[in-house]
Amino acid sequence: MIQDLVIYLLYMGYAIGFMLGLATLFTWVERKQSAVMADRIGANRCYIRLPFTDVKLVAWGLFHGIADGAKMLLKENFTPLTHDRFCYNLAPWLAAAPVLLVFCVVPFGGTLTPGNLLPPLHDFFGDRSYAMQVARLDAGILIVLSLSGIGILGTMLAGWSSNNKFSLMGAARAASQMISYEVSMGLALISLVVTYGTLDLNEMVRWQSGLLFGALPAWGLFTQPLAFMLFLTAAIAENKRVPFDLPECESELVAGYFTEYTAMKMGLFMLSEFIEIVVISALLVTLFLGGYNLPYLTDSGFVFPGGARWALPHLAVVLLQAGTFLGKVFLAGCFMIQIRWSLPRFRYDQLMDFGWKFLLPLATLNLVATACVQWFTLKG
Amino acid sequence: MSGAFIVFFALLAVAFAALVLTQRQPMRAALALIGLMVSLAGIYACLGAHVVAVFQVLIYVGAVMVFMVYTIMLLDERDRSYRQPFSRLGVPALLVAQLVAAAFWSLLGDLPATSPAAAAAIDLFSFKAFSLAFMKQYWLHFELATVLLLVGILAAWTALREGRDG
């Protein structure tokens, strides 16, 4: 009992640190990557001076995230003359909390047997083993979808309670966009569920740990390429980022639904946007890119297609799997930020047309095709 | 342990239900209704019926309440009609509420108070068993519901077209 508590507290700490750390890193990536793409120097003003010396640690502008956080915490908190103070204060939490909760069903590593990590731990943990996942629920993917529904509420509440036309416009746009793209996202996910035959994210990752044609890893990217594209597109639209940033387009709506928020309340909206990048990348990696799987790595070590083996201790395997997941999530997030600096914004009617007349039929077609293939392979 | 959680969520649900009735402001009443649905989902999850809990949040909060909040968001706030203390339908509504309560009370007497039935019911609510039963026994009901939804979509579409012409 106490062992379970220790392990799950560790998992929760790791999950929160994972999300907040990567989200802060992505604010830096967004600045630096845009600078690289626009041939500028980028964020380089923040530094930490070593005490008693003149040595300034710039570290490629990595400290800008810390400066941002300090600024948002210390700024004055302006509040508008709103007609509903309670809803105004509730909205940032309602937008940020579900995003954090989604991560609880995402597996961030393989199976952990704490007793085998180091010899002294064996007395305490015995032979218990845990899946590296905060909540092992067989509803998996459905929980992701249901929590993202609550996130929409926070956005709408923020726009409505700000008592501002820009905010209300932004909220109406955000809600219609998120509802529209959730449909195609759900359909793309259902075709995945049909392929993997499970809703549990951990089972899905295990399914992807096999090999296709003897050498290619059986990742969702190779078995469901169209669903991958659909999910990626719909997920960026759900996150309300360029090219789908109509709800908060600064050239029309100031900042959209969070125009009237200042200081850390605005910071929560910003942070939840970046945490959402982390969570979406984590889902993308889990569903399509093999999760924590490194090709040819099994629980006992590497097994290469030719038959060569390289046994590894349990500690190394656990660290390799967690590190693989971290690296994949980081790369996927960088790719999404790259999209932001590559594509121009849609017009609103184009956005709706794209969602309903292009993505939705494609997602339906993909689902029908997947079901047919599955039917014939099951029968034959 | 889970009994304590059930009591906690039940109290929370009753409190939110009271708030739905007493809040005058539509948005706050809607928020209380969302709270009520989430606490009901909590009760289902404590009972082990994860399917029902997930669908409670997915459908009622994620779909129904999102649309309700969307509508309330676009209401004209200068319309003060919701500030009226009582609707004309207040007395009939109270009477119907009494009837519903009485119906539940009489139903409660008929329920078997044994736990083995409940324990067997939990296995029925694992996702696999639920999906199999859904597709094998209740496929006709499911299809009928989809037909109903199709009729609803057609009705909405026609209403929209009529409105555009006039």
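What the table below lists for this structure:
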read-out: With DNA, RNA and ligands ignored, accessible area of A:Ile48 (1.4 Å probe; Å², nearest 10); value: 80 Å²
read-out: Cleavage-rule hits, chymotrypsin sites (Phe, Trp or Tyr not before Pro), the stretch A:289-380, DSSP coil, Cβ neighbours within 10 Å at most 14; value: A:Trp341
read-out: Within chain A, helix-based [θ] at 222 nm, where runs of 4 or more DSSP H residues each add -39,500 (n - 2.57), nearest 500; value: -20500 deg cm²/dmol
read-out: Residue among A:Gly21, A:Pro313, A:Thr79 farthest towards the positive dipole end of the protein assembly as shown, charges placed on Cβ; value: A:Thr79
read-out: Interchain or long-range residues, amide H under 5 Å from A:Tyr130's placed H; value: A:Leu112, A:Thr113
read-out: Accessible area in square angstrom per residue, the protein assembly as shown, 1.4 angstrom probe; value: 54 Å²
read-out: At least 30 Å² accessible surface lost relative to isolated chain, residues of the stretch B:15-35 (1.4 Å probe); value: B:Gln25, B:Met27, B:Arg28, B:Leu31
read-out: Sequence-distant residues sharing a close amide H with A:Asp84 (under 5 Å, placed H); value: none
read-out: Carbon/sulfur fraction of accessible area - the protein assembly as shown, other protein chains in place, 1.4 Å, %; value: 72 percent
read-out: Built amide H within the under 5 Å cut-off of A:Leu211, gap 5+; value: A:Ala218
read-out: Environment charge of A:Arg345, counting only residues whose C-beta is closer than 14 Å and scoring Lys/Arg +1, Asp/Glu -1; value: 0
read-out: Total charge dipole magnitude, the stretch A:1-80, about the Cα centre, Cβ charges on Lys, Arg, Asp, Glu only, Debye to nearest 20; value: 320 debye
read-out: Net charge of neighbours whose Cβ lies under 14 Å from the Cβ of A:Gly210, counting Lys and Arg as +1 and Asp and Glu as -1; value: -1
read-out: Nearest-20 debye value, chain A charge dipole, Cβ charges on Lys, Arg, Asp, Glu; value: 580 debye
read-out: The stretch A:5-81, relative contact order [Cα under 8 Å, separation at least 6], %; value: 21 percent
read-out: Residues of the stretch A:140-164 buried by at least 50 Å² on assembly (accessible area, 1.4 Å probe, chain alone as reference); value: A:Leu142, A:Ser146, A:Leu153, A:Met156, A:Trp160
read-out: List A:Arg173, A:Arg206, ordered by accessible area with a 1.4 Å probe, largest first; value: A:Arg206, A:Arg173
read-out: Lysines whose Cα lies under 28 Å from that of A:Lys165, excluding same-chain neighbours fewer than 8 positions away; value: A:Lys71, A:Lys75, A:Lys240, A:Lys265
read-out: Charge tally in the Cβ shell below 13 Å around A:Arg136, where Lys, Arg are +1 and Asp, Glu are -1, A:Arg136 excluded; value: -3
read-out: Solvent exposure ordering (accessible area, 1.4 Å, most first) of A:Asp138, A:Asp245; value: A:Asp138, A:Asp245
read-out: Area hidden from solvent between A and B (accessible, protein heavy atoms only, 1.4 Å, total, Å²); value: 2100 Å²
read-out: FRET efficiency for B:Thr22 and A:Phe78, using Cβ-Cβ distance with R0 set to 45 Å, rounded to 0.05; value: 0.90
read-out: At R0 = 56 Å, FRET efficiency that the Cβ-Cβ distance of A:Phe304 and B:Ala15 yields, to 0.05; value: 0.40
read-out: FRET efficiency estimate (nearest 0.05) - Cβ-Cβ, A:Asp353 to B:Leu89, R0 30 angstrom; value: 0.10
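The values are calculated or read from the model by the stated rules, or taken from the named source; none is laboratory data. What you see is a predicted model; the values in this text were computed from it and never measured. Methodologically, a virtual Cβ is constructed for each residue, glycine included, from the backbone with ideal geometry; neighbour enumeration extends over all protein chains shown. Accessible surface areas use protein heavy atoms only, side chains included; no ligands, DNA or RNA. Shrake-Rupley method; radii C 1.70, N 1.55, O 1.52, S 1.80 Å.
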